[in-house]
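The values are calculated or read from the model by the stated rules, or taken from the named source; none is laboratory data. As the structure is a prediction and not an experimental result, all values here were calculated from the model. As a convention, Cβ positions derive from the backbone with ideal geometry for all residues, glycine included, and neighbour counts pool all protein chains shown.
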Amino acid sequence: MEGNLNMFKVGYSTNFIKRLESLQVGNPHLLCLYKMIDNVSIKTEARLHHLFSKRHIRGEWFAITPDIIDSHIKTATANIMLNK
C-alpha cells in the first residue's frame, strides 16, 4: 500500500511470501502484508470477497480501509467457525 491508495488484495495462499513476491513483480507500488489469518480456508476468502464486493476493483483487489478489513475479518471468521 502506498500513499492513500487503500487498495488491498484479499486472497488465500499456502505460501504468502512467494505469493507476495510474485505480485510485487508486476506492481509499481511497494506491497506489504497487512493482515494474515491463520487456520482458515478458501471459504473464508470467499466470504471476505462477498463482504467487500461493493468495493471491488478487479480480481481480488478491493478499495477498502484497514478499519473495514478488521471489522469484516471478525465477521467472516466468526461465521466460518459457527458453520464448521
*Kindly provide the set of residues from segment 1-55 that are in contact with a strand residue (DSSP E or B) (Cβ under 6 Å, 6 or more places away or on another chain) and farther than 19 Å from I73 by Cβ, ordered by number.*
none
_Check on R19, part of a helix (DSSP H, G or I), surrounded by 14 or more Cβ atoms within 10 Å (Cβ to Cβ), of a type in the set (D, E, K, R) and in contact (Cβ under 8 Å) with a residue 12 or more places away in the chain_ = no
_Being free of Cβ contacts under 8 Å to residues at least 60 places away in the same chain, closer than 16 Å to Y12 by Cα, surrounded by 11 or more Cβ atoms within 10 Å (Cβ to Cβ) and among the β-branched types (V, I, T) is the filter here; which residues of segment 32-82 pass it?_
I37, V40, T44, I73, T77, I80
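Could you pull out the residue among H29, H49 that is in a loop (DSSP other than H, G, I, E, B) and modelled with pLDDT of 85 or more?
H29
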